[in-house]
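Take a look at the structure below.
The values are calculated or read from the model by the stated rules, or taken from the named source; none is laboratory data. Everything numeric in this text was worked out from a predicted model, so none of it was measured. When we count neighbours, we look across all protein chains shown, and the Cβ atoms used for this are built from the backbone with ideal geometry, even at glycine.
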Amino acid sequence: MSCSIKRTSSTSYRSGGGGGICAGAGGRSSSASCRRYASSVIGGGSSAGAACGGFGGGFAGSFGAGGDMLLSGNEKITMQNLNDRLASYLDKVRRLEEDNAQLELHIREWYRKQAPSASKDYSSYYQTIEQLQNQIISATVDNNRMLLDIDNSKMTADDFRMKYENELVIRQTVESDINGLRNMLDDLTLVRSSLETELESLKDELIALKRNHEEELRQLQSQTGGDVSVEVNAAPGEDLTKILNDLRNEYEQIIEKNRREVEQWYEVKIEEVNRQVTSSSQDIQTSSHQLTELKREMQNLEIELQAQLSTKDSLENSLAETESRYGCLLQQIQGQINAVEEELANIRCEMEGQSQEYKMLLGIKTRLEQEIAQYRALLHEGQQDLAYVYHIKSKGIKVNLLSL
């Protein structure tokens, strides 16, 4: 019963389909790449027998042939063949492990080389970008402040222009008043001249009247003296001297009254004219002073306006130049950022591909280790079977293979 079980197990080994590790190990070079080996392992493992668990057909065929040779008495050749095959297989497994370790070393070296080095530290670019952003913000704030100052200057210039127009209207009004006062002064000067002429004529008339009065008085005195001498015995008549004196006094009073009236009127007119002339002179001086101040203020405002306009033009040119310069810098930085992002995307894709390849190789390695363990277990079981066969043969037990 025990012999039947052992032979069934040995028969199962011979009936195992080709595949597994022996399909990839039998006849392949140790320098073959892991991808080709993985494809052969995956392709050959699909036909592995259930009892073998992926045991190769090459070893199974050799083992079956070895069983025939054992039964035919060539035990040493069979064992030597199996040992050679096992040594070759273990050597190939060792070489594959070395290739796997070397491949892992290459992968780590590649990751180390492809990893961002210290020379590709982009923190300086971030600092530069932040500085440029701060400069752009400060330039924008300065630009807005300058625009606000320009608007304030425009409003101030408009206010000064309105004041200047109002003062110009006042100046024109004052000049028209001055022209009117000058005409009045000319009229008063003419009136004064006429009054002075009239006064001179009145003085001449007074002198003429005095002269005529004296002549008439002398004539009357002479006539009166002649009458007295002639009419000594006549009755006394009216006192002509008294009458003449009364007339003279009356005329003198009239003349003095007229003179005083003319002098008072003349003084009043002269005082009024002087007052008007004084007020007009003061108004003219005030207006001239105001006009001078307004001209000076207008010149200062024009100078300030020109300075503000030149400042505005220079600031606009500086702003345009700054915007163009920082626009070029931002485009360059954006291009560098895009290049770095593209490089990072490529690195990520390569890392993902290498990671998938590494996972595939790791799976292949795990599968190889499992098949090696299965091969060792089968080899150990085959050695037990060989030991049992040797034991049976030593006792002279004959096995009929045809009946099996």
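Observations on the model:
- Lone qualifier among Lys365, Lys359 - being closer than 30 Å to Trp110 by Cβ, of a type in the set (Lys, Arg) and loosely packed, with under 11 Cβ neighbours inside 10 Å: Lys359
This table checks each residue for (1) hydrophobic (A, V, I, L, M, F, W, C); (2) over 30 Å from Asp142 (Cβ atoms); (3) surrounded by 14 or more Cβ atoms within 10 Å (Cβ to Cβ).
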position	(1), (2), (3)
Arg275	no, yes, no
Ser279	no, yes, no
Asp283	no, yes, yes
His289	no, yes, no
Leu294	yes, yes, yes
Glu297	no, yes, yes
Glu302	no, no, no
Lys312	no, no, yes
Glu323	no, no, yes
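- Every residue from region 128-169 that is farther than 30 Å from Met298 by Cα and in contact with a helix residue (DSSP H, G or I) (Cβ under 8 Å, 6 or more places away or on another chain): Thr128, Ile129, Leu132, Gln135, Ile136, Ala139
- Unmet criterion (only one of (1) at pLDDT 85 or above; (2) surrounded by 13 or more Cβ atoms within 10 Å (Cβ to Cβ); (3) polar (S, T, N, Q)) for Gln172: (2)
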